[in-house]
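A short write-up of the structure that comes next.
The values are calculated or read from the model by the stated rules, or taken from the named source; none is laboratory data. These numbers were taken from a predicted model, which means no experiment stands behind them. Reconstructed Cβ throughout: ideal geometry from the backbone, glycine too, with neighbour counts over all protein chains shown. For accessibility, only protein heavy atoms count, side chains too; no ligands or nucleic acids. Shrake-Rupley method; radii C 1.70, N 1.55, O 1.52, S 1.80 Å.
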Amino acid sequence: MRTRTTREGEMLDEIAAQEYPGQPEALIALLMANPWVSRHPPMMPAGLVIDLPELEQKREPQTMLRLFD
């Protein structure tokens, strides 16, 4: 599992958006993988090591190209 060390003033939702772009469920996954984070203020101190869980990549639905009707 990958990890990330926080910088002063970073917020968990900010980390989720940077590490998992386009995956809004990442914030919940981060909280579940790091339940202790909720004991810190929203703007976290530097030096916390956050576990970054693997998330299933969502595939965009493929559109069908119709050449003839």
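If you go through region 23-56, how many residues are open to solvent by less than 80 Å² (accessible area, probe 1.4 Å) and not aliphatic (A, V, I, L, M)? Even if it seems obvious, please write down each step before you answer.
Taking region 23-56 as the starting set, the residues that turn out to be open to solvent by less than 80 Å² (accessible area, probe 1.4 Å) are 23, 25-27, 29-31, 33-34, 36-37, 40-41, 44-53, 55.
Subset that is not aliphatic (A, V, I, L, M): 23, 25, 34, 36, 40-41, 45, 47, 51, 53.
Final tally of qualifying residues: 10.
Filter region 1-43 for residues that are in a loop (DSSP other than H, G, I, E, B), over 17 Å from residue 54 (Cβ atoms) and not hydrophobic (A, V, I, L, M, F, W, C) and give the result.
6, 7, 8, 9, 10, 40, 41, 42
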